[in-house]
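Participant: Here it is: the structure, laid out below.
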Amino acid sequence: MASKRVEELISSMSLEEKLGEMTQLAPFFFGVDESMDLTGPMAELGLQEEDIKYIGSTLNSFGAEKNIAMQKKHMAEQPHGIPLLFMADVIHGFRTIFPIPLAMGCSFQPAACEKAAEVAAKESTAAGIQLTFAPMADLVRDPRWGRVMESPGEDPYLNARMTEAAVKGFQGEDPREKGRMAACVKHFAGYGAAEGGRDYNTVDLSDGILREFYLPAYHAGIDAGAKMVMTSFNIMNRIPAGASKMLFDQILRKEWGFTGTVISDFAAANETIIHGYAKDGAEAAQRYIQAGCDIEMMSSHYIHHGKELLEQGKLSMEEIDRSVRHILTLKEELGLFENPFKDADPEAEKALALCDEHRAAARDVARKSVVLLKNEGVLPLDSKKKGLKIGLAGPFATSRNVLGGWAGTGSHVSTLEMGMQEMFPDAELVTAMTEELGAMQEGIFDVEDRVEETCKALRNCDVILAAVGENPMDTGEAASRTCLRLSPNQEKLLYELHKLGKPVVMILFSGRPLEIRPVLPYADAVVQAWFLGTEAGTALADILSGAYNPSGRLSISFPQTVGQIPVYYNHYRTGRPLGSAEGRYVSRYLDCPNEPLFPFGYGLSYARYQYSGFQVAVDQDGILTKVTVENISNTAGVETVQCYTHDLAGSVVRPVMELKAFQQVELAPHQKQGVTFRITREMLRFPNDRSEFVFEPGEFEIMVGHSSSEVLTGKVSLDA
Ligand code: NOJ
């Protein structure tokens, strides 16, 4: 039951108003931009100007002044004065851009993710946004899929922690509060499992795999109080996900108790027709509404067919009212009936955007998101050394194009060159071959071949930073790739630079794990920079100089070759694992190791850590493990201690290891610290073959260590 206000509104609203409330349109439908030709998109969706006054929400309309004006006009026309809800894709920052979500996943710091969301909420709410289409909780195992950049990574536990942290950061205690906004967990469900990594492609997940790996992060976001859930473009059990009663009615609402609002992804209701699941718009509307999708984003079947569906008895008024109730309750929870503009404020919008405090936060999160993949005595570089000659080459050396996707409103950027200039004032920086990389989508594969001349220019440098990677346009939505190697010219550049005999530091800008095995021998150090946002340059200079000791760990495995994909750490046991028998008939490739190039949880530091005193014990609450971590170097650092379990025999096959907990410890040189992990029976539950989460007594391996491939292992028995 909703509030009295909401119930009264529902009982006095016309059907047109209700169906409009259940529809979301882009701002150009509202005529906010006079220069736009309204007939185009309106005609496409078959809408009349008359329909617009009933619309309940809009997407990606930015700017306090604009949104205030739009709201005033709309409320004057809406028969009950119901305010619009302004939603937008505020994914990893608004004006101050933070690292892409995959990079933030690598920080292994939910607090960093929370901070990024909090800052994004402050900046965007001042610009008139009230709800963000974030966080994306889709688990990812296939770096061919461009949207891996929007996910925290491949692990259900880490993704869950990051998702709930983001929800907290956006919503705070109460999204109605100033500077907070409602969060939307997306894309429900399983969007990350697109076959072949091709965006929008078929998904085929068994119930067990769905529940074991894919659902936990969405669930954590719901438990953290997210107000909205977005449907996904893929099919689930052969039904378009947004029309799946199993997903929305059964799992989301009944099993998880979600009481918020569901929105379709962009025109996804319409796509049920293209999928061949609904025969026409009426059937699309019926199936989407009955599965529980309250708002249709950017298609108009609810508006066009709601009436006829009611008249034919294919839809009931209760079903429509249920959706309207969700939407109006959300508006009420955001305080829009009292204050329809929420925090929109042109002055605050200006003052908050890119303010020092936000940029400092972005720099801090960015440096925590960098992962040091290789370091053969090159890094850190001495920033105090006079006359150090540093070569800077490659398309990202001076580029501002390092914000990553969904950063449309980000403007200021600290480039690698700028960061280096600031951090190394006494060094000489020499740049060469810094032309930006073309995007594959635009048909430009690489810059012209200037490798020779570059090597000449850099041959006297003490160290060379090769800033290489993929164009940000080639990652993200609709940016799937089958080849994950660097462009030929970049590979050639690395090869030739290596031949100069000077230390080469490869700094990799990408939205996904790239296939870097072919060039790994040419780099003495490798820094995975992802797309770090506004403070990319300063954060990288912090890392390269050692002002910040790298603490990031991979939240997604790096494949040796594309042919290995999907390759992830928490795979199920096979009947013929590698090493189980001599000879040919074991699960392996003939031409490539089974292991990834760099596994989940991996990342180097300038410090060295030693684990000792590992103990595993059982008590009435479950398993208790203890380990001592010692910094055995002269450099202070942060170690991410990871705790995995392996259920040795279950009623269904269990993964070889599963992350259950992690802790970051800050250690001064030669400092030791004890780290304790408590693993309860609750944490060891898994979905059985009836999809019930159960704890099964038996033997467990407990693994604690630096990454998924460097662990100390103990074994215990646990009773019921
Ligand atoms: C489509 C994307 O899949 C989704 O993530 C996004 O929120 C919507 N478009 C709105 O821009």
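The values are calculated or read from the model by the stated rules, or taken from the named source; none is laboratory data. Predicted model, so just to flag it, every value in this text is computed and none were measured. Every residue, glycine among them, receives a Cβ derived from its backbone with ideal geometry; neighbour counts consider all protein chains shown. For the accessible areas, the whole protein counts, side chains as well, though only heavy atoms, and no ligand, DNA or RNA atoms are used. Shrake-Rupley method; radii C 1.70, N 1.55, O 1.52, S 1.80 Å.
Participant: Would you pull out the residues with amide H under 5 Å of Phe341's amide H, same chain only if 5 or more places away, H placed 1.01 Å from N?
Facilitator: Amide H to amide H, under 5 Å and 5 or more residues apart or across chains, Phe341 pairs with nothing.
Participant: Mind checking the angle between helix 356-369 and the chain's longest principal axis? C-alpha axes, 0 to 90 degrees, to the nearest 10.
Facilitator: Taking the Cα atoms of the chain, the angle to 356-369 is about 60 degrees.
Participant: By the scheme Lys and Arg +1, Asp and Glu -1, what is the net charge of all other residues having a beta-carbon under 14 Å from that of Val652?
Facilitator: Here the count lands on -2.
Participant: In sequence order, what are the phi-derived ³J(HN,Hα) couplings for region 183-194 according to the Karplus relation 6.51 cos²θ - 1.76 cosθ + 1.60 with θ = phi - 60°, rounded to whole Hz, with x for glycine and proline?
Facilitator: Working through the residues one at a time gives 10, 10, 7, 9, 10, 8, 8, x, 4, x, 9, 4 Hz.
Participant: Same structure again: Enumerate the calculated ³J(HN,Hα) couplings along region 676-684 in order (Karplus 6.51 cos²θ - 1.76 cosθ + 1.60, θ = phi - 60°), each rounded to whole Hz, writing x wherever the residue is Gly or Pro.
Facilitator: Working through the residues one at a time gives 10, 10, 10, 10, 8, 4, 4, 6, 9 Hz.
Participant: Here's another thing I want to ask about it. Over region 278-318, what relative contact order in percent results from Cα pairs under 8 Å that are six or more residues apart?
Facilitator: Answer for region 278-318 is 43 percent.
Participant: Then there is this: Ignoring ligands, DNA and RNA, what percent of the accessible area of the chain is carbon or sulfur (1.4 Å)?
Facilitator: The nonpolar share, carbon plus sulfur, comes to 49 percent.
Participant: Here is a further query. Taking H placed 1.01 Å from N in the peptide plane, check which residues at least 5 places from Leu712 or on another chain put their amide H under 5 Å from its amide H.
Facilitator: Under 5 Å from the amide H of Leu712 lie the amide H atoms of Val704, Gly705, each far enough along the sequence or on another chain.
Participant: A further question on this structure: Arg359: net charge of surrounding residues, Cβ under 12 Å, Lys/Arg +1, Asp/Glu -1, itself excluded?
Facilitator: After counting each charged neighbour, the total is -3.
Participant: Which of rounded, prolate, oblate describes region 451-552, given a ≥ b ≥ c as roots of the alpha-carbon gyration tensor eigenvalues and a/c under 1.5 marking rounded, otherwise prolate only if a/b is larger than b/c?
Facilitator: oblate
Participant: Please give the per residue accessible area of the chain, computed with a probe of 1.4 Å over protein heavy atoms only, in Å².
Facilitator: Each residue of the chain exposes 37 Å² on average to a 1.4 Å probe.
Participant: Still on this structure, I have one more. In what sequence, highest mean first, do 56-63, 496-503, 562-569 appear when ranked by Cβ atoms within 10 angstrom?
Facilitator: Put in order of decreasing packing, that is 56-63, 562-569, 496-503.
Participant: What order do you get for 622-628, 528-534 when each peptide is scored by the mean count of other beta carbon atoms within 10 Å, highest first?
Facilitator: The packing order, highest mean first, is 528-534, 622-628.
Participant: As a check on your grasp of the helix formula, calculate [θ] at 222 nm for the chain: sum -39500 (n - 2.57) over DSSP H runs of n ≥ 4, divide by the residue count, round to the nearest 500.
Facilitator: -8000 deg cm²/dmol
Participant: Just round it to a whole percent: the fraction of Cα-Cα distances in the chain exceeding 35 Å.
Facilitator: That fraction is 46 percent.
Participant: Given an 8 Å cut-off on Cα distances and at least 6 residues of separation, report the relative contact order of region 609-718 as a percent.
Facilitator: Once divided by the residue count of region 609-718, the mean separation gives 31 percent.
Participant: Given a Förster distance of 56 angstrom, what is the FRET efficiency for Asn634 paired with Cys355, based on the Cβ-Cβ distance and rounded to 0.05?
Facilitator: Efficiency computed from Cβ-Cβ geometry: 0.95.
Participant: Let me ask something else about it. Explain nothing, just the number: relative contact order of the chain, from Cα pairs under 8 Å at least 6 residues apart, as a whole percent.
Facilitator: Rounded, it is 13 percent for the chain.
Participant: Still on this model: Helix 488-499 sits at what angle to the longest principal axis of the chain, using alpha carbons and giving 0 to 90 degrees rounded to 10?
Facilitator: Tilt of helix 488-499: around 20 degrees.
Participant: Could you tell me which of rounded, prolate or oblate describes region 194-250, using a ≥ b ≥ c as the square roots of the eigenvalues of the alpha-carbon gyration tensor, with rounded for a/c under 1.5 and, failing that, prolate when a/b is larger than b/c and oblate otherwise?
Facilitator: prolate
Participant: Rounded, prolate or oblate: which fits region 18-339, taking a ≥ b ≥ c as square roots of the Cα gyration tensor eigenvalues, rounded meaning a/c under 1.5, else prolate when a/b beats b/c?
Facilitator: oblate
Participant: To make sure I understand the rule: partners must be lysines, Cα under 23 Å from the Cα of Lys279, and not fewer than 8 residues away in the same chain. Which ones qualify?
Facilitator: Lys245, Lys307, Lys314
Participant: Then there's this: Would you list which lysines come within 20 Å of Lys168, measuring only between C-alpha atoms, while excluding same-chain residues fewer than 8 positions from it?
Facilitator: The qualifying lysines are Lys115, Lys122, Lys178, Lys186, Lys227, Lys331, Lys342, Lys368.
Participant: In region 665-702, what trypsin sites (Lys or Arg not before Pro) fall in a loop by DSSP, with at most 10 other Cβ atoms inside 10 Å?
Facilitator: Listed in order of number, the matching sites are Arg690.
Participant: Relative to the first principal axis of the alpha-carbon coordinates of the chain, what is the inclination of helix 156-171, with its axis defined by its Cα atoms, in degrees from 0 to 90 and to the nearest 10?
Facilitator: Approximately 60 degrees, to the nearest ten.
Participant: Would you kindly derive the ³J(HN,Hα) couplings of region 100-111 from the backbone phi angles with the Karplus curve 6.51 cos²θ - 1.76 cosθ + 1.60 (θ = phi - 60°), listing them in order in whole Hz, with x for Gly and Pro?
Facilitator: 4, x, 4, 5, 5, x, 6, 6, 6, 10, x, 5
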